[in-house]
1. Identify all residues within segment 17-51 that are surrounded by 12 or more Cβ atoms within 10 Å (Cβ to Cβ) and among the small types (Gly, Ala, Ser); write none if there are none.
2. Looking at Gln32, is it under 17 Å from Arg2 (Cα atoms) and in a loop (DSSP other than H, G, I, E, B)?
3. Output the qualifying pairs, or none if there are none: Cβ atoms under 7 angstrom, residues six or more apart or on different chains, first residue in segment 1-12 and closer than 11 Å to Leu48 by Cβ, second residue in a helix (DSSP H, G or I).
4. Please specify each residue of segment 30-51 satisfying the condition of being hydrophobic (A, V, I, L, M, F, W, C) and modelled with pLDDT under 95.
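The values are calculated or read from the model by the stated rules, or taken from the named source; none is laboratory data. On a predicted model such as this, the values are computed, not experimentally measured, just so you know. Note that each Cβ is placed from the backbone with ideal geometry, even for glycine, and that neighbours are counted across all protein chains shown.
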Amino acid sequence: MRKSIDGLAALVEQETDQSPFSAMIFVFCNRQRDKVKLLYWERNGFVLWTD
């Protein structure tokens, strides 16, 4: 879970061929599956939720 917004947005583009600016929520989890990050684009920037 080291990646920040820029790294996660790049990962979305490379691995899924989707635009991180689309109206989608991208969900990432760590190997132990005990931490989650949600990334989505709002009108003027990315929002990153972590738990």
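1. Ser19
2. So Gln32 fits the description; yes.
3. Short answer, once both residue conditions are applied: Lys3/Leu11.
4. The answer is none; no residue qualifies.
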